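See below for the structure under consideration.
The values are calculated or read from the model by the stated rules, or taken from the named source; none is laboratory data. The model shown is predicted, which means the values in this text are computed figures rather than measured ones. Methodologically, a virtual Cβ is constructed for each residue, glycine included, from the backbone with ideal geometry; neighbour enumeration extends over all protein chains shown. Side chains are part of the model used for accessible areas, which takes the heavy atoms of the whole protein and leaves out ligands, DNA and RNA. Shrake-Rupley method; radii C 1.70, N 1.55, O 1.52, S 1.80 Å.
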Amino acid sequence: SDGIAKVKILTLGESGVGKSSLLLRYKDDKFAGNFVTTLGVEYKQKQIQIENIPLTVQVWDTAGQERFKTITPNYYRSVDGALLVFDISELETFDKIEYWIQDLQKDADLTKVIMVLVGNKSDLEEKRKVDFQTAQKKAQEYQIEYIETSAKTNSNVDQVFEMIVRKVIDK
Ligand code: GTP
Ligand code: MG
């Protein structure tokens, strides 16, 4: 090992909510409008510094599609943080958040995993189906933070990753 501290983050949520897009924006500052669904799990890492301390942020970006459900739980073990992502313009993706938390709970100790609820596609304000207060209330039920992002316009993307990494290292 290189001795640099590592933080292991997982993305979870329904297919199409923008999990891979958030990671692509964070890692490479890019956005692609076409939808390329994730097959199984994709891995990306980024070197950052928080208060002059170098860190490797390791992100396992999981597939939202049901057909990969047997592969992804292997990655749930020993994870430090999970971004629970939904699309603010698709109510069903918000309703499925409970399901993703339960799925994570089967293979990870939720008392040890830092979760953050992420409402993505905040640029689609005119198509909004989940209001901020409703999502914030859901987050409060789990005593976690709620943040809205847009991978498209690059709103709050660095902030959501920095928030979860800080919570992990401050734990
Ligand atoms: P799976 O890999 O199938 O689980 O999907 P995913 O959650 O990784 O979704 P992905 O990042 O592939 O994005 C799905 C679609 O939503 C793509 O067409 C993206 O361009 C689009 N998208 C992602 N983020 C945003 C966003 O913030 N705003 C808008 N308007 N579109 C977005
Ligand atoms: Mg994906």
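So which residues in segment 1-26 are closer than 24 Å to Lys171 by Cα, over 8 Å from the mean Cα position of the chain (by Cα) and of a type in the set (S, T, N, Q), if there are any at all?
Selection gives Ser1 alone.
Which of (1) exposed (fewer than 12 other Cβ atoms within 10 Å of the Cβ); (2) within 16 Å of ligand 2 (Cβ to nearest atom); (3) farther than 17 Å from Val165 by Cα does Lys106 not meet, given it meets every other one?
(2)
Please enumerate the residues belonging to segment 110-161 that are surrounded by 15 or more Cβ atoms within 10 Å (Cβ to Cβ), of a type outside the set (A, V, I, L, M), within 14 Å of the chain's Cα centre (by Cα) and part of a helix (DSSP H, G or I).
Result: Phe161, single match.
Residue by residue through segment 54-93, note down the ones that are exposed (fewer than 14 other Cβ atoms within 10 Å of the Cβ) and either in contact (Cβ under 8 Å) with a residue 40 or more places away in the chain or not polar (S, T, N, Q) (or both). Give the derivation first.
Here is the first cut: in segment 54-93, the ones exposed (fewer than 14 other Cβ atoms within 10 Å of the Cβ) are 54, 66-67, 69-71, 74, 77-78, 92.
Of everything in segment 54-93, those that are exposed (fewer than 14 other Cβ atoms within 10 Å of the Cβ) and either in contact (Cβ under 8 Å) with a residue 40 or more places away in the chain or not polar (S, T, N, Q) (or both) turn out to be Pro54, Glu66, Arg67, Lys69, Ile71, Arg77, Ser78, Glu92.
Mind counting the residues in segment 54-90 that are under 17 Å from the mean Cα position of the chain (by Cα) and part of a strand (DSSP E or B)?
Number of matching residues: 14.
Which numbered condition in (1) closer than 21 Å to Asp61 by Cα; (2) surrounded by 18 or more Cβ atoms within 10 Å (Cβ to Cβ); (3) among the β-branched types (Val, Ile, Thr); (4) in contact (Cβ under 8 Å) with a residue 40 or more places away in the chain is the only one that Ile169 fails?
Answer for Ile169: the failing condition is (2).
Say we look at segment 91-109 and pick out the residues that are under 16 Å from the mean Cα position of the chain (by Cα) and not in a helix (DSSP H, G or I); which of these is nearest to Ser21 (Cα to Cα)?
Restricting to residues being under 16 Å from the mean Cα position of the chain (by Cα) and not in a helix (DSSP H, G or I), the top hit is Lys96.
Identify all residues within segment 1-53 that are part of a loop (DSSP other than H, G, I, E, B), open to solvent by less than 50 Å² (accessible area, probe 1.4 Å), over 19 Å from Met163 (Cβ atoms) and not β-branched (Val, Ile, Thr); write none if there are none.
Hits for segment 1-53 are Glu14, Ser15, Gly16, Ala32, Gly40.
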